[in-house]
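Contents: one structure, followed by commentary.
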Amino acid sequence: EIREGLTKDVSSLKTRLPGYSPGLAIVQVGGREDSNVYIRMKIKAATEIGINATHVKLPNTTTEMELLSKLDKLNNDPETHGIIVQMPLDSVNKINSHLITDTVSPEKDVDG
């Protein structure tokens, strides 16, 4: 199974690189319940294979600039190795989802 293979890969990385812990950030704007369900499933799966998953929950009043700033910080965070932007973006403000997904560093873009 895919999950078993990933678990072995992550374990092998941690053995070869003591102190290394792969980090995943899941960024959510707003609080849609369907998105919450998907995020819980992603965090559970990541945790089961040994990845440190973090839910970055932003309010539905988040602006495009605030979200871009948060993504810039995650792109430059050495503890964050992967980024998922949960769609749809549930903000009362207009946010260009293509701009947001294009902002995620290709090296860290899990959905890319």
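The values are calculated or read from the model by the stated rules, or taken from the named source; none is laboratory data. Just so it is clear, the model here is predicted, and its values are computed rather than measured. When we count neighbours, we look across all protein chains shown, and the Cβ atoms used for this are built from the backbone with ideal geometry, even at glycine.
Per-residue answers, yes or no, for (1) modelled with pLDDT of 95 or more; (2) closer than 18 Å to GLY30 by Cα; (3) within 11 Å of the chain's Cα centre (by Cα):
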{"site": "LEU74", "(1), (2), (3)": "yes, no, yes"}
{"site": "ILE83", "(1), (2), (3)": "yes, yes, yes"}
{"site": "GLN86", "(1), (2), (3)": "yes, yes, yes"}
{"site": "VAL92", "(1), (2), (3)": "yes, yes, no"}
{"site": "ILE95", "(1), (2), (3)": "yes, yes, no"}
{"site": "HIS98", "(1), (2), (3)": "yes, yes, no"}
{"site": "THR101", "(1), (2), (3)": "yes, yes, no"}
{"site": "VAL104", "(1), (2), (3)": "yes, no, yes"}
{"site": "VAL110", "(1), (2), (3)": "yes, no, yes"}
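Which of the residues belonging to region 21-43 are out of contact with any strand residue (DSSP E or B) (no Cβ under 6 Å at 6 or more places or on another chain), at negative phi, surrounded by 13 or more Cβ atoms within 10 Å (Cβ to Cβ) and not in a helix (DSSP H, G or I)? Result: PRO22, ARG32. Residue pairs whose Cβ atoms lie under 8 Å apart, separated by 6 or more positions or on different chains, with the first residue in region 69-82 and closer than 12 Å to THR103 by Cα and the second of a type in the set (Ser, Thr, Tyr) and in a loop (DSSP other than H, G, I, E, B), are LEU74/THR80; ASN75/SER105.
When the residues of region 44-67 are filtered to those that are assigned to a helix (DSSP H, G or I), among the hydrophobic types (A, V, I, L, M, F, W, C) and touching a residue at least 40 places away in the same chain (Cβ under 8 Å), the one that is nearest to GLN86 (Cα to Cα) is LEU67.
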